[in-house]
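Asks: To start, I am sharing the structure in question, which I have written as structure tokens.
Bear in mind these aren't lab numbers, they're just calculated from the coordinates by the rules spelled out. Here the structure is a predicted model, which means the values were calculated and not measured. When we count neighbours, we look across all protein chains shown, and the Cβ atoms used for this are built from the backbone with ideal geometry, even at glycine.
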Amino acid sequence: MYLVRLIYASTINQGFDQKDIEQILTVSRKNNASNHISGILCFGHNYFLQCLEGGRSAVNQVYHKILQDERHNNPLIVDYSEIDLREFSDWTMGYVPENLLGKALQSKYSPSTEFNPYNMTGESCHLMMRELKQQIPTL
Ligand code: FAD
């Protein structure tokens, strides 16, 4: 079984609020721990950017479940790679809130100063998430 990394962007649906984030993180951390999935979830300016890493079929299954979730729409896979090692093994689902996705970071990885993962290359998304690892608690 290969290890893979899948990174996708999506947009929240109307009515989404902070309680939804907390619920998503609680369920994700429980499920991902059982399925040996690790990763991080960034949320800002109504967009999600999530990195999922783990066995190929486990990542495929959770991604299909996430696609059915009515709390978001317009999913776009920005990167999919077979990987030799995990980069987010300390997180069953790390969380990056909007205040960590500031202007300086966006200027470095994207064409504008506002977080918009649809305008970023897969590699920019990946490198930005790697940089953010130092700023989020392990969970
Ligand atoms: P269930 O028992 O079916 O649901 C668990 C709880 O989530 C319930 O309390 C239910 O009220 C709530 N819930 C489930 N689906 C919805 C829905 N469509 N709308 C509103 N509330 C709902 N799941 C993971 O396992 N791993 C992840 O990494 C992950 N990342 C996510 C990232 C994003 C941006 C989003 C939007 C969702 C993510 N999810 C993730 C959640 C996923 O979409 C499913 O809701 C979840 O996996 C269902 O898990 P379950 O079958 O164990 O739980």
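Asks: Extending each Cα 7 Å along its Cβ direction at Leu100 and His64, get the distance between those two points in nm, one decimal.
Replies: Rounded to a tenth, the inter-label distance reads 3.1 nm.
Asks: Okay, next question. Calculate the translational D of the chain in whole µm² s⁻¹ from Stokes-Einstein, where the hydrodynamic radius comes from the Kirkwood formula applied to all Cα pairs, the temperature is 37 °C and the viscosity 0.692 mPa s. Walk me through the intermediate numbers first.
Replies: On the way: Rh = 14.9 Å.
Estimated diffusion coefficient is 220 µm²/s.
Asks: How would you order 110-121, 74-85 from highest to lowest mean count of nearby Cβ atoms within 10 Å? It would help to have the intermediate numbers written out before the result.
Replies: Numbers: 110-121: 16.2, 74-85: 12.5.
Ranking, from highest mean packing down: 110-121, 74-85.
Asks: Taking R0 as 25 Å, what FRET efficiency do you get between Asp84 and Glu131 from their Cβ-Cβ distance, rounded to the nearest 0.05? Could the numbers behind the result be given before it?
Replies: Details: r = 20 Å, r/R0 = 0.81.
About 0.80, to the nearest 0.05.
Asks: Ok, one more. Local charge sum around Arg86 (other residues, Cβ-Cβ under 10 Å, Lys/Arg +1, Asp/Glu -1)?
Replies: Numbers: positive: Arg5; negative: Glu53, Asp84, Glu87, Asp90.
With Lys, Arg at +1 and Asp, Glu at -1, the net is -3.
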